[in-house]
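Data block below; observations after.
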Amino acid sequence: MAPKHQAPRGTRDLLPADTALWRWAEDAARGVLGRYGFGELRTPLFEDYELFARTSGESSDVVQKEMYRFKDLGDRDLALRPEFTAGVLRAYLEQGLGGRSRVHRLWSTGPVFRYGRPQKGRYRQFHQLNCELIGSPAPGADAEMITLFVDLYEAWGFSDLTVLVNSVGQPASRRAYGERLREWLAPVHDRLSADSKARLTTNPLRVLDTKDTGDHALFAELGNMPRLLDVLDADDRAHWDAVLAGLEAAGVKYEIDHGLVRGLDYYTRTAFEVHDRSLGAQSALGGGGRYDGLVEMLGGPPTPGVGFAIGLDRALLVIEERGFKAPAGDSVCIVAMDGTRAAATALARELRREFAVECDVESRGFGAQMKAAGKSGARFLVIMGEEEWQRGEVALKDSKSGTQETLAPSALAEALRVKTRATGETA
Ligand code: HAM
């Protein structure tokens, strides 16, 4: 019989076999973020609708068709967060962080929500790892963030990433570029997709973000696409050159992508993304950029910032497809007899302060417990035979080294500690 309820379209359950990989990835990321001096910020899952509408841009897909907008019982106009940046900056202003120190490095992780058409690598509830460096206008900040971005993927075993970079300039240069795009596309205007035609009037840059293959064929037919980098003013140009020099100094592999414009409207100057072709159409593993006008847009003082978000679902899909297995811990399985069951319960509790321990709770026979221990994949087996227990002994079997020894229960924890330390693994 089919179950009465199913998870809403575009959402999924992560089972223990999945969450082991997620935890491993999150732990690895936490390590990198700590070493880069980032502090964790947790913001609400929902905020005022207006916060997102104002920051993402009227013509962005997020605002046009992807927001989970709702009224609560107090008639407040709210939305589930479609991204982190707006909420992080709202918190930055509301909590007065700007007054406490000039530069803030903040990271966050958790679910985000966008109402899109679900497919491989695209969900309605997905997860991001988000990082923001708020308060520095310097190109060194952009270069450091892109380096961190790449280092996070490297910590997950991606070794061959090339980050795509572009400069989207400032509003004035973008307007000039929009005009150039319109002129360039004029000869094929009638053949563009309806979406692109609409974007050409509201926000011409968005046209470059089209997923329509017909549009891409037209771009190829026209050739010589105008380049944003050609319309940058002198300051933006100097910033751009310094960012690239910073990436070279850090040894980060990059490629300039003149068509890279990003899906949200708040970016200024540097924009960047990484892709993995194995994901098909939804190939962006993560992206970000500089957003120097955003804090002001939220009513704060002029405050520059640069950040990025990594799509965890997509990154982990690629890690899984490459056959990665999260390293298994060294767990312990206790096998007891009738006369030692009570003692086993106490010993399990004691050992669980440090180690992962399984212990029978169904009063099963010795054979059934041994079978379960074999299946569990536990590295250590602690056998509590009645006679041995009377003598003040238990047997410890280590399936990794193939050894078995007899020792006092009080010596067990230290023996496990030594063995797990020797292999450099933790339980
Ligand atoms: P974004 O490019 O919209 O940027 O999203 C970042 C990443 O989230 C994407 O590259 C992708 O991996 C993942 N993603 C987006 N939509 C979905 C989806 N429906 N299902 C699965 N994964 C998805 C931002 O959100 C900006 N707030 C990043 C940023 C931070 N810029 C500055 N600071």
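The values are calculated or read from the model by the stated rules, or taken from the named source; none is laboratory data. If you're wondering where the values come from, they're calculated on a predicted model, not measured in any experiment. As a convention, Cβ positions derive from the backbone with ideal geometry for all residues, glycine included, and neighbour counts pool all protein chains shown.
Suppose the filter is at pLDDT below 95 and not charged (D, E, K, R); does Ala220 pass it? Yes; evaluated as a whole, the condition is true for this residue.
The residues in the stretch 98-119 that are out of contact with any Cys (no Cβ under 9 Å at 6 or more places or on another chain) and near the ligand (Cβ under 10 Å from one of its atoms) can be counted, and the count is 8. Quick one: count up the residues across the stretch 234-292 that are within 11 Å of the ligand (Cβ to nearest atom) and within 19 Å of the chain's Cα centre (by Cα). Number satisfying all stated conditions: 19. Among the residues of the stretch 298-306, some residue qualifies, meaning at least one is within 30 Å of Gly157 (Cα to Cα), surrounded by 13 or more Cβ atoms within 10 Å (Cβ to Cβ), assigned by TED's automatic domain parsing to the domain that holds Asp48 and within 16 Å of the ligand (Cβ to nearest atom).
Considering only the stretch 9-57, state which residues are closer than 15 Å to Leu80 by Cα and not assigned by TED's automatic domain parsing to the domain that holds Leu133.
Narrowing the stretch 9-57 to residues closer than 15 Å to Leu80 by Cα: 10-11, 42-56.
The answer is Gly10, Thr11.
Residues in the stretch 307-330 that are part of a strand (DSSP E or B) and of a type in the set (Val, Ile, Thr): Ile310 only.
If you scan the stretch 172-198, which residues turn out to be touching an Asp or Glu at 6+ places or on another chain (Cβ under 8 Å) and in a helix (DSSP H, G or I)?
Within the stretch 172-198, the subset touching an Asp or Glu at 6+ places or on another chain (Cβ under 8 Å) is 172-173, 188, 192-193, 195-196.
Listed by number, the residues that qualify are Ala172, Ser173, Val188, Asp195, Ser196.
Residues that are over 22 Å from Ala20 (Cβ atoms), touching a residue at least 12 places away in the same chain (Cβ under 8 Å) and not acidic (Asp, Glu) number at least 1 in the following strands (runs of 3 or more DSSP E) confined to the stretch 331-427: 332-336, 380-384, 394-398, 403-407.
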